[in-house]
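Working notes, beginning with the structure itself.
The values are calculated or read from the model by the stated rules, or taken from the named source; none is laboratory data. Just so we're clear, the structure is a prediction, and the values are computed from it rather than from any experiment. Don't worry about glycine lacking a Cβ; one is built from the backbone with ideal geometry, like all the others, and counts go over all protein chains shown. Only protein heavy atoms, including side chains, enter the accessible area calculation; ligands, DNA and RNA are left aside. Shrake-Rupley method; radii C 1.70, N 1.55, O 1.52, S 1.80 Å.
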Amino acid sequence: MVAACTQLAACNQVTERPANTASAQTAAKNEQGKGAPCKPLETREPEAPEQKPAFPGQTRACAAPSNVAFDVQVLAKGLEHPWAVEPLPGGDLLIAERPGRMRIVSAKGEVGPPISGLPAVDARGQGGLLDVALSPKFDSDRTIYWSYSEPREGGNATSVSSGVLSPDRRRLENVRVIFRAQPTYDGTLHFGSRLAFGDDGMLYITLGERSDKHMRPQAQQLSSHMGKLIRIRPDGSVPPDNPFVGEAGARPEIWTLGHRNVQSLAFDPQGRLWEVEHGTRGGDELNLVEKKKNYGWPLQAYGREYSGAPIRGAATERPGMEQPVYYWDPVIAPSGMQFYTGDAFPAWRNSLFIGSLKDENLVRLTLENNRVTGEERLLSDRGQRVRDVRQGPDGALYVVTDESNGELWKITPRR
Ligand SMILES: [Ca+2]
Ligand SMILES: [Ca+2]
């Protein structure tokens, strides 16, 4: 049973950041440039100590304490492995829970009942109900999109469905599957996936490569959706300007290739698409996503196998493959991301927020000229796996935690 925080005062928990003298701007300047010394945020031993970055600043960016004081309000508890939080117009929050439920939490923290009408999910392992996204025209069409591991004959794979939220917000109607990743595979790992709409009106979908060694090469094969970013119209049809349309044997929905397992996707304020993907041990990656490009996996990668062995056949640099803008060693296990554009936190404007499952915190990056200039970790005191982070219409940040008793947090400037 999900218990709402009916008395907000009782649910509120306040976090104050420790005071720091350096500002984010100072740290960023140090890194940008002129050879001035900088203290990297990451000081732990690397997991792949032999690897070298392709350019300065590709890993271990300067510590960039923003010295922003904020409150964390626990809006809801008792959510079962929430995978996505999507702010609705007006301030309520749409939540996806991995076992296969979607529900609305009101702006005041009242947890609504599961919304009916969703298709079945295969919730074993990393599977289940994954991301949700609102139609760009949600105000008029009330349409919701969601990704999930779809149980199929012979296994499962990631699919995306759309449905219209009923006026009483209790049901999804006109539900239809608009995308089915191929091939079907009998496994429980690396489904991706995040959804994001571009200014071009297209829906971008991230997919994993299903993890098992014999599946990995499919990330480089255009005949497979595995390990790809997908671009489709909201009705599921293929836009004619996709890069592999008309290429024999290629799946026309593919936008980019060579991805491992992407659970973070967001457009920046300039309209460019970025993703963060789960790498091997010592190789989580931030990438700027551009049409038709090859992001390397499994031929180009940072990190090692989780067994500690080298990745057979992989190098950290290969011609024709994109370098990550940034990589984490040790890994953070990234999920969810948001470029901050609100007015509530002027010091955080243009920062990139990324959830960390493994380190149980919220990563904040500063970027300049497509390079990471600073890194900060927030919410570390709470000890919960951060699964998704989104900005609300009020400029607050909303976070859900990947726990059996998962929570929804609202982050606002300290009163
Ligand atoms: Ca989402
Ligand atoms: Ca890569």
Hey, does region 338-352 have a residue that's within 25 Å of His259 (Cα to Cα), part of a strand (DSSP E or B) and over 19 Å from the mean Cα position of the chain (by Cα)? no
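Would you pick out the residues in region 84-106 that are of a type in the set (Gly, Ala, Ser) and in contact (Cβ under 8 Å) with a residue 24 or more places away in the chain? Steps first, answer last, please.
Step one: list which residues in region 84-106 are of a type in the set (Gly, Ala, Ser), which gives 84, 90-91, 96, 100, 106.
Once the filter is applied, which keeps residues that are of a type in the set (Gly, Ala, Ser) and in contact (Cβ under 8 Å) with a residue 24 or more places away in the chain, region 84-106 yields Ala84, Gly90, Gly91, Ala96, Gly100.
Would you pick out the residues in region 175-184 that are in a loop (DSSP other than H, G, I, E, B) and under 20 Å from the mean Cα position of the chain (by Cα)?
Of the residues in region 175-184, the ones in a loop (DSSP other than H, G, I, E, B) are 181-184.
Listed by number, the list holds a single entry, Ala181.
Quick check on region 102-123: of everything there that is hydrophobic (A, V, I, L, M, F, W, C) and outside any loop (DSSP other than H, G, I, E, B), which residue is surrounded by the most Cβ atoms within 10 Å (Cβ to Cβ)? Reasoning before the result, please.
First, pick out the residues of region 102-123 that are hydrophobic (A, V, I, L, M, F, W, C): 102, 104-105, 107, 111, 115, 118, 120-121, 123.
Next cut, outside any loop (DSSP other than H, G, I, E, B) only: 102, 104-105, 111.
On the way: Met102: 23, Ile104: 19, Val105: 26, Val111: 22.
Among them, the one singled out is Val105.
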Looking only at region 305-336, which residues are farther than 22 Å from Asn370 by Cβ, buried (at least 21 other Cβ atoms within 10 Å of the Cβ) and of a type in the set (Ser, Thr, Tyr)? Ser335
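Can you tell me which residue within region 352-367, out of those that are of a type in the set (D, E, K, R) and in contact with a helix residue (DSSP H, G or I) (Cβ under 8 Å, 6 or more places away or on another chain), is surrounded by the fewest Cβ atoms within 10 Å (Cβ to Cβ)? Quick ask: steps written out before the conclusion?
Quick first cut of region 352-367, residues of a type in the set (D, E, K, R) only: 358-360, 364.
Pick out the ones that are also in contact with a helix residue (DSSP H, G or I) (Cβ under 8 Å, 6 or more places away or on another chain) and you get 359-360, 364.
Values: Asp359: 19, Glu360: 21, Arg364: 23.
Taking the candidates together, the pick is Asp359.
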Look at region 243-261 and say how many of its residues are over 27 Å from Val164 (Cα atoms) and over 22 Å from the mean Cα position of the chain (by Cα). 9
Let me confirm something: among Gly258, Gly236, Gly227, which residue is open to solvent by 10 Å² or more (accessible area, probe 1.4 Å) and of a type outside the set (D, E, K, R)? Gly236
Hey, does region 276-287 have a residue that's modelled with pLDDT of 95 or more, within 20 Å of Gln391 (Cβ to Cβ) and in contact with a strand residue (DSSP E or B) (Cβ under 9 Å, 6 or more places away or on another chain)? yes
Tell me the residue from Arg371, Arg349 that is within 19 Å of Leu41 (Cα to Cα) and surrounded by fewer than 23 Cβ atoms within 10 Å (Cβ to Cβ), please. Arg371
